[in-house]
Amino acid sequence: MLVTGGEDAIVQTFDLKMMKPIFQYEIDASVLSLDTNPLNKIAVGSMDRLARVYEAYSPFTMVGTTKNETMPISSVVFYQ
């Protein structure tokens, strides 16, 4: 699976075998950073200062959020 995000505030997953989009989810702000983990979770950092975590299955289910009080979230990383 490939996950993309950008200034259009859309996070999209792709099936690499078929090279087709699987699902897209629009958040409320431009996407600045993405990360995935082996447990099928997607972390998204965005311009609205929120870090969001989603289940990667279609449709995305939000697992949780956290907010930085001063700066946009320009980097998100899962630690194992």
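The values are calculated or read from the model by the stated rules, or taken from the named source; none is laboratory data. These figures come from a predicted structure and were not determined experimentally. Every residue, glycine as well, gets a Cβ built from its backbone with ideal geometry; the counts of neighbours run over all protein chains shown.
Can you find, within region 30-80, the residue that is farthest from M1 (Cα to Cα) among those that are in contact with a Lys or Arg (Cβ under 8 Å, 6 or more places away or on another chain) and in contact (Cβ under 8 Å) with a residue 40 or more places away in the chain?
By that ranking, first place goes to P72.
Within region 24-39, which residues are surrounded by 15 or more Cβ atoms within 10 Å (Cβ to Cβ) and within 15 Å of F60 (Cα to Cα)? Outline the logic, then answer.
So in region 24-39, the residues surrounded by 15 or more Cβ atoms within 10 Å (Cβ to Cβ) come out as 24-25, 27, 29-36.
Matches in region 24-39: Q24, Y25, I27, L34, D35, T36.
Looking at region 1-65, what strands (runs of 3 or more DSSP E) fall wholly within it and have at least 2 residues that are modelled with pLDDT of 90 or more and under 16 Å from V77 (Cβ atoms)?
Values: elements: 2-5, 10-15, 20-26, 31-36, 41-46, 50-55.
Answer list for region 1-65: 2-5, 31-36, 41-46, 50-55.
What are the residues in region 45-80 that are within 10 Å of the chain's Cα centre (by Cα) and surrounded by 16 or more Cβ atoms within 10 Å (Cβ to Cβ), if any?
Scanning region 45-80 gives G45, S46, A51, R52, V53, Y54, A56, F60, V76.
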